[in-house]
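To start, the structure under review is shown below, and the notes come after it.
The values are calculated or read from the model by the stated rules, or taken from the named source; none is laboratory data. Computed from a predicted model, the values in this text were never measured in an experiment. Ideal geometry is used to build each Cβ from the backbone, glycine not excepted, and the neighbour counts take in all protein chains shown. Note: areas computed on protein heavy atoms with side chains; ligands, DNA, RNA excluded. Shrake-Rupley method; radii C 1.70, N 1.55, O 1.52, S 1.80 Å.
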Amino acid sequence: MTDADDVARLRRQLERERRIRKQAEVIAEDATRRLYDADRMKSLFVTTVSHELRTPLTPILGFAEGLADKWDTIEDATRRDIVDRIHQNAATLRLLIDSLLDFSQLENAQVAISVETLAISKEVERVIDQLEAISRRHVLETELDPSVIVRADRTAVARIVSNLVSNAVKYSPDGGRVRVLTNATDTAGVLAVEDDGPGIDPEERERIFQRFYRSSGETVARARGLGIGLALVRALAEAMGGDAGVDEAPSGGARFWVSFPLASTQSTA
Ligand code: ADP
């Protein structure tokens, strides 16, 4: 081997080392940027959460104080209205806290799914009864097929229905109809929630299922939210062996759907 060969080999080695060092620098820069972004996102999230929790809490305190101070002078109908509003805001607060707890469990991979054989319509009815308080200004309709038997976790189904119905109420005009339907295809039980709101642009139909994503539209800007509800809905659906998505309702509004594996035997345990 000549001196020239040795020099060429050394050059190649140096060049290789230089490239590796450069790659390591790029990876380190990327990791630092990600850490910085995650940190910023976390503190933004804490600010948003505090704000979102305070929003329903403020009227609860205000109305309760008003009732306590002026109980004897307020007419019965007004008193009833105030109690309704306290109830509505408390229901919103509970949903928010439930979503946050679910979300933190999901982040820590602690979601305990316990799947059983159940009639999806029965679960939906149970949750809808509790959700009436969320909006007295919307018409809640159901079209449930009692013969659809699926494999699912009761609590997860309740979370899914609460999130989808409260979104339908939040993003559609007062007086609008919210329809909850259950039916079955050859391979899955399907739960759908339709509304009369603005619907979801086709190019956003995947993105809205990402955590923290919120559309920039006017309706959304007016509604409150943390951007975690749909991420939860999809994660829970997937954990049960199903899926979740959105398309268009016949009214032009949104139609969110969640699928569940059908029970092999179509009778509840
Ligand atoms: P949040 O409602 O807290 O923003 P979600 O994860 O539940 O978070 O929803 C993510 C986004 O999807 C919302 O910010 C909104 O842009 C859109 N979205 C959800 N449900 C509806 C609906 N029924 N109609 C129109 N847009 C919706």
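Summary of computed values
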quantity	calculated
Estimated inter-spin distance, residue 248 and residue 49, nm [label 7 Å along Cα→Cβ]	3.8
Computed accessible area, residue 106, all protein chains, 1.4 angstrom probe, square angstrom	50
Mean Cα-pair separation over length for the stretch 152-269, i.e. relative contact order, pairs under 8 Å, 6 or more apart, %	30
FRET efficiency for residue 107 and residue 264, using Cβ-Cβ distance with R0 set to 30 Å, rounded to 0.05	0.35
Heavy atoms of residue 41: accessible area, 1.4 Å probe, square angstrom to 10	90
Spatially proximal aspartates and glutamates relative to residue 22 (Cα-Cα < 16 Å; intrachain offsets below 8 disregarded)	30
Share of carbon and sulfur in the accessible heavy-atom surface of the chain [1.4 Å probe, %]	52
Global form of the stretch 1-115, assessed from the alpha-carbon gyration tensor, a/c cut-off 1.5	prolate
For the chain: Kirkwood Rh in Å [reciprocal of mean 1/r, alpha carbons]	21.7
Local net charge near residue 163, Cβ-Cβ under 10 Å (Lys/Arg +1, Asp/Glu -1)	-1
Computed FRET value (nearest 0.05) for residue 204 with residue 122, which takes r as the C-beta separation and R₀ as 45 Å	0.85
Surface accessible to a 1.4 Å probe, residue 78 within the full protein complex, Å²	60
Simple spin-label estimate for residue 147 and residue 71 in nanometres, 7 Å along Cα-Cβ	5.5
Taking the stretch 196-256 and dividing mean pair separation by its residue count, relative contact order in percent (alpha carbons under 8 Å, at least six apart)	45
Rounded tilt (10° steps) of 120-131 against the dominant C-alpha axis of the chain	70
Neighbourhood charge, 15 Å Cβ-Cβ cut-off, centred on residue 252 and excluding it, Lys, Arg +1 and Asp, Glu -1	-2
Coil-residue chymotrypsin sites (Phe, Trp or Tyr not before Pro) of the stretch 176-269, DSSP, other Cβ within 10 Å capped at 13	212
Whole-number percent relative contact order across the stretch 47-113, with pairs defined as alpha carbons under 8 Å at least 6 apart	38
Stokes-Einstein diffusion coefficient of the stretch 127-209, Kirkwood radius over Cα pairs, 37 °C, 0.692 mPa s, in µm²/s	237
Mean projected area (nm²) of the alpha-carbon convex hull when the stretch 149-269 is viewed from all directions	7.7
Candidate aspartates and glutamates for bridging to residue 70, where Cα separation is under 15 Å - those fewer than 8 sequence places away on the same chain excluded	81
Accessible area per residue, Å², the stretch 1-121 with all protein chains present, probe 1.4 Å	76
Exposed-loop-free span, longest in the chain, where GluC sites (Glu not before Pro) count as exposed if DSSP calls them loop and at most 16 other C-beta atoms lie within 10 Å	76-205
Charge dipole (the stretch 1-92, unit charges on Cβ, about Cα centre) - positive-most of 77, 47, 27	27
C-alpha center-to-center spacing [the stretch 239-262, the stretch 186-228] in angstrom	11
Efficiency of FRET between residue 213 and residue 137 - r from beta-carbon atoms, R0 25 angstrom, step 0.05	0.40
